[in-house]
1. With the Cα gyration tensor of segment 28-129 giving a ≥ b ≥ c as the square roots of its eigenvalues, does the rule (a/c under 1.5 for rounded; else a/b larger than b/c for prolate; else oblate) give rounded, prolate or oblate?
2. What is the spin-label model distance, in nm, from K41 to R187 if the labels are put 7 Å beyond Cα along the C-beta direction?
3. Once you have the Kirkwood Rh of the chain from its Cα pairs, apply Stokes-Einstein at 20 °C and 1.002 mPa s and quote D in µm²/s.
4. Let me check I have the definition right: for segment 135-188, take the eigenvalues of the Cα gyration tensor, multiply each by 5, take square roots. What are those semi-axes in whole Å, largest first?
5. Quick query: amide H of N155 versus all other amide H atoms, modeled in the peptide plane; which residues come in under 5 Å with a sequence gap of 5 or more or a different chain?
Amino acid sequence: MAEAEFDAVARDYAAQHAQSIRLSGEATDYFARYKIVDLRKVTDQRKLTVRKLLDFGAGVGNSLRPLRELFPDAAISALDVSQASLDLCRAQVADGAAEFHCYDGVTLPADLGPFDVIFTACVFHHIPAESHVALLTQIRERLAPGGLFMLFEHNPWNPLTRHAVNTCPFDEHAVLISAPEMRRRLRAAGFARVDLAYKVFFPGPLRALRGIEPALSPVPLGAQYALTAQ
């Protein structure tokens, strides 16, 4: 999607997203929060001190509140191609709680970084495939030594995920990427080690079973997946 398209859907994004995921039995906040909880677990396991964090493709700010809550000591930056989306994003937090940057979708601002963590959630399926490696290379270059990049994406091998994307107006031009292919692109961008875990196996009515999801992470049927590179 072009910048103008994102600007056009910014106000309706929340309603469209809620409608598209209704079969999951969960609200938008659930999908935003579980990712940040996972990110916090990874940074703790790797004993990574997070002083600066970038939300790449922050959109209307679904991840911003859980990021602020779970990384209270970090300086958080939000980056997006849509100024209208960033305006909504900014309204979610108190003044000074984050910095907001609009960019052209091709070249990350030269003065952006270095970051201890760069996080992105369901963004790359909106970006033309031929631009992925170049953008991922720039992301790697914006990481501080020992910094961590964590990417979440929709899993095209999950039928409910495909239904949600196919029925969501702002995903009209989305092209889903399999986890193995996305991992290949990260490696092409210079990330030497890329860990893969599949996520979200059970819908809301079966949430009692979610305690076993970590054991299912190698099974390529989760609704989403995470790639972690450091």
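Every number here is computed from the coordinates shown, using simple stated rules; none is lab data. Fair warning: this is a prediction, and the values are worked out from it, not measured in the lab. We place every Cβ from the backbone using ideal geometry, glycine too, and count neighbours over all the protein chains shown.
1. Details: a/c = 1.36, a/b = 1.31, b/c = 1.04.
Verdict is rounded for segment 28-129.
2. Label-label distance for K41 and R187, simple model: 2.5 nm.
3. Details: Rh = 17.8 Å.
The diffusion coefficient I find is 121 µm²/s.
4. Working: eigenvalues 147, 29, 18 Å².
Semi-axis lengths for segment 135-188 are 27, 12, 10 Å.
5. Counting only residues 5 or more places away or on other chains, the set is Q224, Y225.
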